[in-house]
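This report concerns only the one structure given below.
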Amino acid sequence: MKIIIAKDAGYCFGVRDAVDLAYDIAKKEGSVYMLGDIVHNENVVQDLNKSGAKVVDTIDQIPSDATVLFRAHGTKNDVWENAKRKSLKIKDATCPLVHEIHNEVKKLSKEGRKIIVIGDHGHDEVIAIANQVPNTIVVSNAEEASKLKKFKKAGIVSQSTQTIENVQEIINILMTKVFDLNFVNTICYPTKRNQEQIKELAYIVDVMIIIGSFSSANSKRLTMLSLNINSNTHQVSGSDEINSSWFKNCKSVGISAGASTPDYLIHQVKNKIEKIGLEL
């Protein structure tokens, strides 16, 4: 059984840098506090917790003068202000590409445009993007876009891990509703690259495995993208979820992973599939 791993499966540079920073601070200082999970992957969060990186829900739960690490997804402005007010040592692990989205939103708003964010309601990254200027509208799909009223001027950005297909579908609708529309394509390059590799791989293999947490919108989108091409697509968060029956009469397997999936999980899944291949 041939196994092909997508070239850029797993950690993007933003996530890798954020996780490495958390480990470094915990090692040097003994502990570091994070408001929620640094990335959407339970295995990573558990590993970090063992090293001294602690997850809390609010700034109030962090001791004065301690170090707080702001996550890769970005952080709301009022959280920044509260952390400064409490004299916490702030380490910013926000992905540089997410910071760019924040800057684009502010620029578009200064032009007098209504800001529309294409993204998942309630997602940490989307919440932080929408928080950059007042009265931002979040649209997650074409149906929501079709219900919007008409605007004279609008600036549109997207969550960095959206699929190109969803963004294009929404933009096509918004073009009929906005007289002066300025769309900035803020899908990040690692996401575009991973999506393209999955599309290519799903066509040429018998079975596709996407590795990623089910709390990760990014991983779930990759799974749906693959499923649209290859019905024998399965998402797993780890090797223990692999089912040997998926590989019956299978000659080739493709593996990819979400941007929050560490390398060791990809290797574990590959090893498990290799073992199944030898047993079938």
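A few notes on this one:
- Residues satisfying the stated conditions in region 127-156, i.e. touching a strand residue (DSSP E or B) at 6+ places or on another chain (Cβ under 6 Å) and either β-branched (Val, Ile, Thr) or closer than 16 Å to ALA217 by Cβ (or both): ILE129, ALA130, VAL133, THR136, ILE137, VAL138, VAL139, ILE156
- Residue match in region 150-159 (condition: free of Cβ contacts under 8 Å to residues at least 24 places away in the same chain and open to solvent by 40 Å² or more (accessible area, probe 1.4 Å)): no
- ILE173 being open to solvent by less than 50 Å² (accessible area, probe 1.4 Å), without any contact (Cβ under 8 Å) to a residue 40 or more places away in the chain and either over 27 Å from ALA93 (Cα atoms) or over 16 Å from the mean Cα position of the chain (by Cα) (or both): yes
- Residue satisfying all of: in region 1-51; touching a strand residue (DSSP E or B) at 6+ places or on another chain (Cβ under 8 Å) and of a type in the set (S, T, N, Q); most open to solvent (accessible area, probe 1.4 Å) among these: ASN49
- Total residues in region 234-253, condition closer than 16 Å to ILE211 by Cβ, open to solvent by less than 50 Å² (accessible area, probe 1.4 Å) and not hydroxyl-bearing (Ser, Thr, Tyr): 7
- Pairs where the first residue, in region 49-65, is free of Cβ contacts under 8 Å to residues at least 60 places away in the same chain and the second is surrounded by 10 or more Cβ atoms within 10 Å (Cβ to Cβ) and among the aromatic types (Phe, Trp, Tyr), C-beta under 7 Å, 6+ apart: SER51/TYR23; LYS54/TYR33; VAL56/TYR33; ILE62/TYR33
The values are calculated or read from the model by the stated rules, or taken from the named source; none is laboratory data. In this text, all values refer to a predicted model and were calculated from it rather than measured experimentally. All Cβ positions, glycine included, derive from the backbone under ideal geometry; neighbour counts span all protein chains shown. Just so you know, the surface numbers come from the protein's heavy atoms only, side chains and all, with ligands and any DNA or RNA stripped out. Shrake-Rupley method; radii C 1.70, N 1.55, O 1.52, S 1.80 Å.
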